[in-house]
Amino acid sequence: MASRDAAVGQTSGADVRNSLYKRFDDRVNNIVTSLQNIVDAASIEDKATNAVGEYQTDVEASHIAQSFEDILRLLSEIEIAAITQDTMASMQELEKNILPLYQNIYISTDQALKSLKMSVDTMLAELEKHYYTSQCSIPIVP
């Protein structure tokens with residue numbers, strides 16, 4: 001069951017990573033497209049269309065700023081995903097190391113209980129033997 005959970009965790013981790021990388025690539029492509037649009041708008045020579053070009057440049061500059069903000073958010077999400085995956089890997093490693101310890105504790109506890117049972121059985125047998133072989137008898141009160 002633990003291996004199935006680990007496989008599910010790895011699959012979802014890979015999906016998250018791929019999704020974040022795709023979003024990052026989309027934002028970088030948005031920045032490149034915006035920069036190309038700014039270059040195209042800057043090449044306009046006509047004064048009438050120059051105002052439209054300036055407006056387009058401002059719009060594209062705001063798109064670039066928004067894309068950079070998105071990239072910063074994505075980097076934060078990537079950091080969180082990396083920390084989460086590190087935590088999951090650490091938990092799996094911890095479970096792998098704890099299982100033998102639990103088995104050792106179980107074995108040693110089982111051996112100690114068996115030894116204690118044998119000691120109690122021996123003592124009880126000696127007590128019964130002493131009781132039945134004893135010369136002293138206690139009168140039974142009716």
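Once both labels are positioned 7 Å from their Cα atoms along Cα-to-Cβ, the gap between K117 and D26 label points is 6.4 nm. Other residues whose C-beta falls under 13 angstrom from the C-beta of I64 contribute a net charge of -3, scoring Lys and Arg +1 and Asp and Glu -1. Among the GluC sites (Glu not before Pro) within the stretch 37-118, those in coil by DSSP and having at most 10 neighbouring Cβ atoms inside 10 Å are E45. Normalised by residue count, the stretch 53-142 yields a Cα convex hull volume of 143 Å³ per residue.
Every read-out reported here was derived from the displayed coordinates using simple, explicitly stated rules and does not represent laboratory data. Treat the numbers as computed from the prediction; the structure is a model and nothing was measured. As a convention, Cβ positions derive from the backbone with ideal geometry for all residues, glycine included, and neighbour counts pool all protein chains shown.
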